[in-house]
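Here is the structure we will look at, set down as structure tokens.
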Amino acid sequence: MAKQPQLTGRAAVLAVVVCAIAMSLAYPIRVYVAQRRDIAQLEQQKARELAEIKKEEDRYRQRLDPGYIKRIGRERLFYCDPGQKCYVVMRERPAQSKGAPAEKQAARPPWYQTLWESVEAADTGNGAKVAEPGKAAKVAETGR
């Protein structure tokens, strides 16, 4: 018996046709998937924008309400109705935060004092030894 070839002419033509169909469909399918993704993103953006528009419309309607305007005037600008006594309580010091301990920072001397001390240090020739402002006078006195 003669051995028949494994790949016949018909099978080769069929393989070429299937590959051609697959190649011709690959690009349109990729474009279709990309367009569906863009449509989904645009729909999400549209929903966000519509929510923002609704929020701004609500704020606009709220600002047309005279009661809201009076309340905001009392809260922010400390306005009072005629014949009404209003009081504003001011704190002497700002409230300390609860989490962080109150640490005093070292007070910096004024700029002119720092300038004068640097001039004194330069005059004594010990300018490189001055590490902090306020110590130039001590450096000049000790000579070190």
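The values are calculated or read from the model by the stated rules, or taken from the named source; none is laboratory data. Owing to the predicted nature of the structure, the values given are computational and were not obtained by experimental measurement.
Is it the case that Ile39 is of a type in the set (A, V, I, L, M, F, W, C), assigned to a helix (DSSP H, G or I) and modelled with pLDDT of 95 or more? Break it down into steps so the answer makes sense when it comes.
Working: of a type in the set (A, V, I, L, M, F, W, C): yes; assigned to a helix (DSSP H, G or I): yes; modelled with pLDDT of 95 or more: yes.
Taking the combined requirement at face value, the residue satisfies it.
For residues that are modelled with pLDDT under 90 and of a type in the set (Ser, Thr, Tyr), scanning just region 55-98, find the one that is farthest from the chain's Cα centre (by Cα).
Per the stated criteria, the residue is Tyr87.
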